[in-house]
Amino acid sequence: MTSPSSLSVVIPAAGIGSRMASDIPKQYLSLAGKTVLEHSINAFVDHPLVQKIVVCLHPKDSLFDTLSIANHPKIIAVEGGDTRAQSVLNGLRFLQGHVSTDWVLVHDAARPGLSQKALDRLLAAQKYSAAILALPVVDTIKVAESESEALPKRIHTTIDRSHLWQAQTPQMFQSQRLLHAVEHALSQGLVLTDEASAIEYLGDDVLLIEGEAANMKITRPEDLALAEFYLRQQTIAREYQ
Ligand code: CTP
Ligand code: MG
């Protein structure tokens with residue numbers, strides 16, 4: 001394994017937030033005094049190990065340049081793609097061409113509540129292998145019968161949840177390996193909703209490192225109040241440190 005000193009971050013931020021249905025993409029909504037995207041970037045920007053942060057933007061994005069953080073020397077904006085995986089791929093290709101980095105972290109723009117503690121837990125896994133933050137599933141999981149699209153659906157079966165984890169981000173990989181994995185998976189027609197699945201497809205190990213509830217992904221309007229609550233809690237905790 002290489003030294004932990006060479007580390008960059010890719011933040012896919014090119015989505016339109018269709019489930020949020022707000023006037024502007026959810027990464028630009030304001031929470032606890034800053035945009036969601038600024039909170040997500042701030043988790044990394046002052047971290048001593050982080051070299052560069054590549055933010056993947058929608059081709060028609062007009063808001064990123066209005067953020068003061070856009071001018072930070074660690075931050076580079078690139079164009080995203082039609083899917084999250086394509087946006088990440090653009091970011092990884094940029095890194096390969098312009099930044100010499102052994103490790104890469106991929107983190108959703110829509111997760112503003114990542115704490116330094118959880119990030120450091122993930123980084124500590126570098127000495128073993130690739131790793132992601134994740135949480136054990138707490139609800140009982142049902143599989144619906146697939147014959148019809150009509151609602152309500154009938155339960156087909158119940159899954160044993162004792163081995164189930166809900167993937168979060170950041171997800172951490174050796175950068176060359178992740179670039180190869182994502183290119184390979186997309187060329188095989190796989191639909192990727194995270195990066196670990198591309199690495200799993202190659203047969204490599206990926207560790208599950210315990211994440212945290214505050215690192216939730218903002219998806220629907222009802223998520224905003226809870227995300228804001230977590231952000232304010234973190235601010236209070238920092239003030240009392
Ligand atoms: N993302 C991206 N490029 C895309 C689609 C998504 O960079 N073509 C990013 C989003 O900006 C977000 C992250 O991937 O930070 C996770 O995606 P998701 O929560 O699904 O965001 P959206 O795709 O914007 O939301 P929705 O699926 O509701 O439209
Ligand atoms: Mg999406």
Exercise for the section: Using a 10 Å cut-off on Cβ atoms, rank the peptides 189-201, 62-74 from the highest mean neighbour count down. Expected result: 189-201, 62-74
Problem - For the chain: lysine pairs under 14 Å (alpha-carbon distance), excluding those fewer than 8 apart on one chain - result: 4
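Using the beta-carbon distance between Arg161 and Ser187 and R0 = 51 Å, what value does 1/(1 + (r/R0)^6) give for FRET efficiency, to the nearest 0.05? Display every interim value, and only then the final one.
On the way: r = 33 Å, r/R0 = 0.65.
Plugging the Cβ-Cβ distance into 1/(1 + (r/R0)^6) gives 0.95.
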Completion exercise
Helix-only [θ] at 222 nm, the chain, -39500 (n - 2.57) per DSSP H run of 4+, per residue, nearest 500, equals -9000 deg cm²/dmol
Exercise for the section: Kindly report, to the nearest 10 Å², the accessible surface of Phe44 as traced by a 1.4 Å probe over protein heavy atoms only. Expected result: 0
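The values are calculated or read from the model by the stated rules, or taken from the named source; none is laboratory data. From a predicted model like this one, the values you see are computed outputs, not experimental measurements. Here the Cβ is made from the backbone with ideal geometry for all residues, glycine too, and neighbour counts use every protein chain on show. Ligands, DNA and RNA are excluded from the accessible area calculation, which covers all protein heavy atoms including side chains. Shrake-Rupley method; radii C 1.70, N 1.55, O 1.52, S 1.80 Å.
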